[in-house]
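The values are calculated or read from the model by the stated rules, or taken from the named source; none is laboratory data. Note that this is a predicted model, so its numbers are computed, not measured. Neighbour counts run over all protein chains shown; Cβ positions are idealised from the backbone, glycine included.
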Amino acid sequence: MYTSAIRLIAVDLDGTVLNDRKQLTPRTAAALTEAAARGVEIVPATGRTAAGLPAELLALPGVHYAITSNGARMMDLASGRAVRELYLARETALAAFDILARYDCVTDLFQDGRGYTTEANRAASYRFVPDNLRDYVLNTRTVLPDLRAFIASQERGIEKLTIFFLDEDERRRAWAEVAALGVDVVSSLPLNMEINAAGVDKGAGLLALAEQLGLPASALMACGDGGNDTAMVAAAGLGVAMANAFPEVKAAASYVTASNNEDGVALAVEKFVLGKEAL
């Protein structure tokens, strides 16, 4: 049997392990299942909350941990316990929220594994949120009367702010203002923005989990497509970019695989973990 040095595969969700219809294809599920049978940890690493993790991915063998909210919250899935939390300070979150209120955008927030929105934001989602993400967004958000008041009530701070824009110039100007607060700002989609505490990203989360499991970076494989995947792809011994990835992700990667609609994750796992020839 082929023996691979890879002991952990971290996979982004949207645009990576899921196709554009938000499906985990049979080939990708089979490749990850076979890798798990060989003792490889399968780790969802996403900008989503824990509540947004797809059931079909969680049902795979070898899925024991998840990196969520771009690394702000790392979950032990068996216990449902957060084993690492790095939240955005309350005053910083409020400052960012107030900046964004001056722009034409929709701002939601993540806290303790759940997403929160307002009725106004839900109504606006039909303009701001991409069609293939809208159901996920609407189905994973709890409605609150006032997001700013909620942030102000959170002494520990919050997991993440997530924002959708309609216009790139609006996003560019808002990005510059928010970044001046000293926070981490990334994007997973062409017209979105995601705000975490400084130093919080998927790469740092992946390395923290690897240390906990006693794994060197050389034993890590990470697959991604969006700007929020860049640090993770760069941190892994084998960084894999999807064919549909942002240019900066491809630049950070060791290998570029097929797109998320062409079983790109499966192809990379088959090649580097299972030792199979391309089919």
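In the list Y65, Y103, which residue meets the criterion of being within 17 Å of the chain's Cα centre (by Cα) and either at pLDDT below 95 or of a type outside the set (S, T, N, Q) (or both)?
On the way: Y103 fails: within 17 Å of the chain's Cα centre (by Cα).
Criteria check complete, one pass: Y65.
Out of D135, D146, which single residue is acidic (D, E) and under 25 Å from G227 (Cβ atoms)? First the steps, then the outcome.
Values: D146 fails: under 25 Å from G227 (Cβ atoms).
The conditions single out D135.
Is it true that some residue in segment 70-89 is farther than 27 Å from G182 by Cβ and in contact with a Leu (Cβ under 9 Å, 6 or more places away or on another chain)?
Filtering segment 70-89 down to residues farther than 27 Å from G182 by Cβ leaves 76-81.
If we keep only those that are in contact with a Leu (Cβ under 9 Å, 6 or more places away or on another chain) as well, we get 77.
Looking for residues that are farther than 27 Å from G182 by Cβ and in contact with a Leu (Cβ under 9 Å, 6 or more places away or on another chain), one finds at least one in segment 70-89, hence yes.
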Item checked: Residue under evaluation N70, criteria (1) buried (at least 20 other Cβ atoms within 10 Å of the Cβ); (2) without any contact (Cβ under 8 Å) to a residue 40 or more places away in the chain, criterion not met -> (2)
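Hey, does segment 124-138 have a residue that's among the hydroxyl-bearing types (S, T, Y) and touching a Pro at 6+ places or on another chain (Cβ under 8 Å)?
Step one: filter segment 124-138 for residues among the hydroxyl-bearing types (S, T, Y), giving 125-126, 136.
Filter once more, so that each one left must be touching a Pro at 6+ places or on another chain (Cβ under 8 Å): none.
No, segment 124-138 contains no residue that is among the hydroxyl-bearing types (S, T, Y) and touching a Pro at 6+ places or on another chain (Cβ under 8 Å).
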Check: Is there a residue being closer than 11 Å to T16 by Cβ and at pLDDT 95 or above anywhere in segment 181-193?
Finding: no
Margin query: Can you tell me which of (1) in contact (Cβ under 8 Å) with a residue 60 or more places away in the chain; (2) in contact with a Phe, Trp or Tyr (Cβ under 9 Å, 6 or more places away or on another chain); (3) under 16 Å from T162 (Cα atoms) is the one Q111 doesn't meet?
Written below: (1)
Check: Restricting to segment 113-132, what's the tally of residues that are surrounded by fewer than 17 Cβ atoms within 10 Å (Cβ to Cβ) and under 19 Å from the mean Cα position of the chain (by Cα)?
Finding: 4
Margin query: When you check L209 against the structure, is it surrounded by fewer than 19 Cβ atoms within 10 Å (Cβ to Cβ) and in contact with a Phe, Trp or Tyr (Cβ under 7 Å, 6 or more places away or on another chain), yes or no?
Written below: no
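Only strands (runs of 3 or more DSSP E) wholly contained in segment 140-187 count here; list those with 2 or more residues that are closer than 14 Å to T118 by Cβ and not assigned by TED's automatic domain parsing to the domain that holds L53.
Details: elements: 141-143, 160-165, 184-186.
Fully inside segment 140-187 and qualifying: 141-143, 160-165.
Of the residues that make up segment 55-63, is at least one small (G, A, S), without any contact (Cβ under 8 Å) to a residue 24 or more places away in the chain and surrounded by 22 or more Cβ atoms within 10 Å (Cβ to Cβ)?
First, the residues of segment 55-63 that are small (G, A, S): 55, 59, 62.
If we keep only those that are without any contact (Cβ under 8 Å) to a residue 24 or more places away in the chain as well, we get 55, 59.
Then drop every residue that is not surrounded by 22 or more Cβ atoms within 10 Å (Cβ to Cβ), which leaves none.
So far as segment 55-63 goes, no, none of its residues is small (G, A, S), without any contact (Cβ under 8 Å) to a residue 24 or more places away in the chain and surrounded by 22 or more Cβ atoms within 10 Å (Cβ to Cβ).
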Notebook entry, point to check: What pairs can you find where one residue is in segment 122-141 and over 12 Å from F164 (Cβ atoms), the other is assigned to a helix (DSSP H, G or I), and their Cβ atoms are less than 6 Å apart, with a gap of 6+ or different chains?
Noted result: T140/A51; T140/G52
Checklist line | Scan of segment 88-131 for residues that are of a type in the set (V, I, T), closer than 20 Å to G52 by Cβ and in contact with an Asp or Glu (Cβ under 8 Å, 6 or more places away or on another chain), ordered by number | finding: T117, T118
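With the requirement that a residue be among the hydrophobic types (A, V, I, L, M, F, W, C) and out of contact with any helix residue (DSSP H, G or I) (no Cβ under 6 Å at 6 or more places or on another chain), what does segment 110-136 give you?
Selection gives A120, A123, A124, F128, L133.
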